[in-house]
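Engineer: Have a look at the structure that comes next, please.
The values are calculated or read from the model by the stated rules, or taken from the named source; none is laboratory data. Owing to the predicted nature of the structure, the values given are computational and were not obtained by experimental measurement. Heads up, the Cβs are rebuilt from the backbone with ideal geometry, glycines too, and the neighbour counts pull from every protein chain shown. The accessibility values were calculated without ligands, DNA or RNA, using every heavy atom of the protein model including side chains. Shrake-Rupley method; radii C 1.70, N 1.55, O 1.52, S 1.80 Å.
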Amino acid sequence: KDESTEGEPLVYDTVVYVKDSASKAELFTRARKWMAASFNNSKKVIQYENKDLGEISGDANIRTLGIKSPLGEYEYNGVVAFYITIQVKDGRYKLTIKNFDHKCTEQSNPHVASGNFTLGLLSTAPAPPKYMLKDSWLSHKKKVKYWQFVKEQVDDNVTLLMSSLEKGMNAPTVSDDW
């Protein structure tokens, strides 16, 4: 049985009720502020925003480490691009993060093309895509470890984003009307 073909696309989806039952308009403002504070360039990240519908969405990325070499350095570091959507309604918001797409961006072995270590779309499968299992010189065990390590880093980063968003969505907007 081919374990690399199992699994669904990796998706994080949650609905959170805010403590102060803020209005849709207030939550939209908080979500917009959170996006601006959470990403280096929110103007590049935010691809769509509609205050009337209560939705902000866009493309962002997470830097990931690769495989630890015998010298203790990480090789085959990469970036995982993803799509984030925040939808708001009175008293609650929905966060969806999906389309996690890994690309190897750095590697220290000049004899190996970095594309061989690009995982592509991440899924819930326990092993990497078939093409990765045959197109590089790493052992099967190391490829599976690489796949799982990248997914663990994504999970850790998404958990931090979710926690940060919850904090931001529960922080009342302070008026600077002095």
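Engineer: Looking at this structure, is Glu73 surrounded by 12 or more Cβ atoms within 10 Å (Cβ to Cβ) and out of contact with any strand residue (DSSP E or B) (no Cβ under 9 Å at 6 or more places or on another chain)?
Structural biologist: When the stated conditions are applied, Glu73 passes them.
Engineer: Within region 161-178, restricting attention to residues that are open to solvent by 90 Å² or more (accessible area, probe 1.4 Å) and assigned to a loop (DSSP other than H, G, I, E, B), which residue is modelled with the lowest pLDDT?
Structural biologist: Step by step, filter region 161-178, then rank; the result is Trp178.
Engineer: Picking from Ile56, Ile46, which residue would you name as being without any contact (Cβ under 8 Å) to a residue 24 or more places away in the chain, more than 30 Å from Lys142 (Cα to Cα) and surrounded by 15 or more Cβ atoms within 10 Å (Cβ to Cβ)?
Structural biologist: Result: Ile46 is the single residue among Ile56, Ile46 that is without any contact (Cβ under 8 Å) to a residue 24 or more places away in the chain, more than 30 Å from Lys142 (Cα to Cα) and surrounded by 15 or more Cβ atoms within 10 Å (Cβ to Cβ).
Engineer: Could you tell me whether any residue of region 86-109 is over 26 Å from Gly120 (Cβ atoms), in contact with a Ser or Thr (Cβ under 7 Å, 6 or more places away or on another chain) and without any contact (Cβ under 8 Å) to a residue 40 or more places away in the chain?
Structural biologist: no
Engineer: Pick out, from region 1-69, the strands (runs of 3 or more DSSP E) lying fully within it that include 3 or more residues that are within 24 Å of Val154 (Cβ to Cβ) and among the hydroxyl-bearing types (Ser, Thr, Tyr).
Structural biologist: Those strands (runs of 3 or more DSSP E) do not exist here; none qualify.
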